[in-house]
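The structure appears below as structure tokens.
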Amino acid sequence: MLATVRAPQFEDSLGGPQSVYAGIKIVPKCTEDHPLPQFDPKIHLNFIPPKARYSFTDLGLEKPYNAPDLCYTEPFQIFSEEGVRVMRRELFRKEFLDKYMRTWARAPCYIGGFSAEEGEASFIKQAWYHPATQAAINEAFGTALKPLPRHCDVGYVNVQLGADDRVGVYKYTDTPAKPQPLSGIHSGIAQSQWDNLPIDAWHKDQVPVVCVVMLSDTSTMAGGETAIRKGDGTLIKARGASLGGAVLMQSGNLEHAALRASNCSERVSMVTSYSFADPELDDSRTTLKSADVVNEDMASLKYAHLEYKLKRLRDRIDVVLNGVGQQRAEGATPDRDEIEPWVKEQIKFSKQTSWEVFERAPNYIGMEIPESTLREYLADI
């Protein structure tokens, strides 16, 4: 009854100045001072598949329930240098930074909250939602994925702060700063209050999978990696090997942190979040655990989360409906051992969705759900 789901099919083009892709309306927005092109994969994409993928088993970690045994990929190339330059041009406009550059408990500086806004970051959204990009992501990860649609899920940017603090970010341009020579790591970089802090502290994400792309020059960068904690407590450090290089991680089940670069005045990375395209795969890691309750419109974010979960539940029901129709046509008898566990799983899915919307904030932000709390909330199912 539970049929296999094919990877989603996409149109070949975004189709003009105003497009709808995967239910997302993209409205180009630019100024005369900052002209932005349409995303063109022939110009802005430069996909070179990863040479290897590593499993949770390889790292001595428990394989996630009902999800691929894929922990992270080797660094691979995803966007071209020109693609990164256009992204930076869009990000580092003063009016954009004024609106979307933020700080919160886990990270001194990030740029985010725009992915659910219809008229914002049009090139960045085109880049991530384009079918050519999605095909590259699916090939790199080895399992079909789809971008998550909530407020900070597409194009979230981590920014390393220096001596000029957030004011210094306004000086960034579409051209990345060059790292200092490794022989003089500390000679040209002013000290700052942030030097001993990670760009993004140790955590597990509120999403199943992320793609982390470097928007800075990493050619001779010292540090600046994404650190991953193995089962024995030791660390692995991964980073895009060049400008526009990326790493994919099943980060909702993986403890990790974004480390500072010591020989460069900037370290900028962009993170886009994914769920599994197959709705029958586990989605318990898509939560509101990392919601920025200070800067986000929490009511809007909760509605976005609820809408996403309801659509995923609908997709699960559609899969089963197809199987039921086929079995009925064949004259089969409903199988209690198959149907009842599926129904209970969807009730649990719905109750966990309700818990995230009504119970997560403010007492459980940044935390895994305590087992006792979850058992109590699910006691009536």
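Coordinate-derived values only; no laboratory data. No experiment lies behind these values; they were computed from the predicted model shown. Positions of Cβ are generated from backbone atoms using ideal geometry, with glycine treated the same way; all protein chains shown enter the neighbour counts.
Here are the numbers for this structure:
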read-out	value
Efficiency of FRET between S300 and R328 - r from beta-carbon atoms, R0 45 angstrom, step 0.05	0.65
Relative contact order for the chain, counting Cα pairs under 8 Å that sit 6 or more residues apart, in percent	19
Sparse-neighbour loop sites [GluC sites (Glu not before Pro); region 43-104; at most 11 other C-beta within 10 Å; DSSP]	E62
Calculated FRET efficiency for the pair A52/E376, C-beta based, R₀ 41 Å, to 0.05	0.45
Computed [θ] at 222 nm, deg cm²/dmol, the chain (DSSP H ≥ 4; -39,500 (n - 2.57); rounded to nearest 500)	-8500 deg cm²/dmol
Label point distance in nm, Y170-E117, each placed 7 Å from Cα along Cα→Cβ	1.7
Cα shape, the chain, gyration tensor, a/c 1.5 rule	prolate
Dipole moment magnitude, nearest 20 debye, the chain about Cα centre, only Lys, Arg, Asp, Glu C-beta charged	460
Rounded to 10°, Cα long-axis angle of helix 298-329 versus longest principal axis of the chain	40
Mean Cβ count within 10 Å, highest first, over the residues of peptides 370-379, 268-277, 306-315, 137-146	268-277, 137-146, 306-315, 370-379
Segment W202-K94, extension gain: residue separation times 0.36 nm, minus the distance between their alpha carbons	35.9 nm
Angle in degrees between helix 336-358 and the longest Cα principal axis of the chain, rounded to the nearest 10	40
